[in-house]
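Student: If you scroll down you'll find the structure; I have some questions about it.
Readers should treat all values here as calculations from the given coordinates under stated rules, not as data from a laboratory. These numbers were taken from a predicted model, which means no experiment stands behind them. Methodologically, a virtual Cβ is constructed for each residue, glycine included, from the backbone with ideal geometry; neighbour enumeration extends over all protein chains shown.
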Amino acid sequence: AMAEVGSPKRTKDIIARYGFTFKKSLGQNFLIDQNILRKIVGAAELDESKGALEIGPGIGALTQQLAHTAAKVAAVEIDNRLIPILKEVFADTPNVHVEHGDVLKLDLDALIKERFAGLSGVSVVANLPYYVTTPIVMKLLEEKLPLEHIVVMIQKEVAQRMAAKPGGKDYGSLSIAVQYYCVPELVCIVPHTVFIPQPNVDSAVIKLTLRDKPAVEVEDEAHFFRTVQACFAQRRKTIANNLTAFVGKANRDQLGTLLGSCGIDPSRRGETLSLAEFAALSRALLEAGY
Ligand code: SAM
């Protein structure tokens, strides 16, 4: 049997044989630890009836583990220098499809329909490039793709923000956006020693389980998220002060009444509001014509 791609030796061999040089600008930090790879795959609840969509396969360390566990893997890689390497590594693995492209520009809904037709579920599993973590996760959520889980390795601080509860400094618009669509769970913190080259930051694996319907009912999603953004415009300011910019200075008194009708003390800060409170606030603002 072929040695695991994600072993330190095989990784170094492949890199040397192809004369591959890492591009920092593409967030290339390859995993070389079988335990971490197993933990990521384990968290995704895959089996031979499921599909795995991988973003950024690199030389295929995670891809190989996914191919062992899932029915099919589709892996999207932006770096054209990696395509021939992946083609060779997976020449004898027919359930792996490699797609050359930028995940942010790709029609993922079409890719999922094309590659995973007939399967019982699809999850995204990836060690994401850190420079575009948030845009990638937001794309997956906002496009309302038919996903069961999103299990991704990302920068530790970003994972903590995604999973944060109201009341702390990590809680903000990213927490709310993620928790509106998903139930987050921090799987593990990962030291930088499990990568080559080693990144300067700590990492974490986060598991996002997609909800059947959003956490709170809102009339107008775009307005809900605009309200959230407005409340966090300046973190240290109160809701009343931040929202004054949203409704206009002349309407400050009406704003006080409106907050009162939602049971929200105007002197609170955005970071203390729950999703349900943001939803109520958005509804009240809409009804008042803002
Ligand atoms: N999965 C591999 C592993 O764990 O060893 C590599 C992970 S590395 C952190 C991120 C990978 O994403 C790199 O292979 C990089 O070329 C790729 N990548 C970066 N930006 C991308 C984009 N916009 N679309 C698709 N892949 C991208």
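Student: Between region 218-243 and region 39-116, how far is it from one alpha carbon centroid to the other, in angstrom?
Tutor: Spelled out, the Cα-based centre of one part sits 38 Å from the other.
Student: Show the residues, 5+ positions off or on another chain, whose built amide H is closer than 5 Å to the amide H of residue 30.
Tutor: Sorted by chain and number, the residues that satisfy this are 196.
Student: Between 193, 15, 227, whose Cα lies farthest towards the positive end of the dipole of the chain when Lys and Arg beta carbons carry +1 and Asp and Glu beta carbons carry -1, centred on the Cα centre?
Tutor: 193
Student: Which of the lysines could be linked to residue 23 by a straight reach, that is with a Cα gap under 22 Å, when you skip same-chain ones fewer than 8 residues away?
Tutor: The reachable lysines, counting only those whose Cα sits under 22 Å from residue 23, are 9, 12, 87, 105, 156.
Student: Separation between the residue 104 and residue 39 pseudo-spin-labels, each 7 Å from Cα along Cα→Cβ, expressed in nm?
Tutor: Modelled inter-label distance: 2.9 nm.
Student: Now for a separate question. Looking at 179, 146, 94, which one has the Cα that reaches farthest to the positive end of the dipole of region 81-209 (charges on Cβ: Lys, Arg +1; Asp, Glu -1)?
Tutor: Highest projection toward the positive end goes to 179.
Student: Right, here's the next one. What 222 nm value per residue comes from the helices of the chain, counting each DSSP H run with n ≥ 4 as -39,500 (n - 2.57) and dividing by all residues, nearest 500 deg cm²/dmol?
Tutor: For the chain, the value works out to -11500 deg cm²/dmol.
Student: What does the highest-first list of 47-54, 79-86, 191-198 look like by mean Cβ count within 10 Å?
Tutor: The densest-packed peptide leads the list: 47-54, 79-86, 191-198.
Student: OK, next. If you average the sequence gap of Cα pairs under 8 Å that are 6 or more apart and divide by the length of the chain, what percent do you get for the contact order?
Tutor: Normalised by residue count, the contact order of the chain is 15 percent.
Student: At R0 = 30 Å, how high is the FRET efficiency between residue 274 and residue 120 if r is their beta carbon distance? Nearest 0.05 is fine.
Tutor: E(calc), rounded to 0.05, equals 0.35.
Student: Among 122, 152, which comes first, second and so on when ranked by fewest other beta-carbon atoms within 10 Å?
Tutor: The order, fewest Cβ neighbours first, is 122, 152.
Student: Something else about it: Which cross-chain or sequence-distant (5 or more) residues have an amide H under 5 Å from the amide H of residue 93, H modelled 1.01 Å from N in plane?
Tutor: Long-range HN contacts for residue 93: none found.
Student: Length gain on complete extension for the stretch residue 17 to residue 81, per 0.36 nm per residue less the alpha carbon to alpha carbon distance?
Tutor: Result: 21.8 nm gained on full extension.
Student: Rounded to the nearest 0.05, what FRET efficiency do residue 92 and residue 113 give with R0 = 35 Å and r taken as the Cβ-Cβ distance? Could you check?
Tutor: 0.85
Student: Are there trypsin sites (Lys or Arg not before Pro) in region 122-193 that DSSP puts in a loop and that have at most 14 other Cβ atoms within 10 Å, and which ones?
Tutor: Of the trypsin sites (Lys or Arg not before Pro), the ones in loops of region 122-193 whose Cβ has at most 14 other Cβ atoms within 10 Å are 144, 169.
Student: Return a single number: how many Lys pairs in region 159-290, at a sequence separation of 8 or more or on separate chains, have alpha-carbon atoms below 28 angstrom apart.
Tutor: Count of close lysine pairs: 8.
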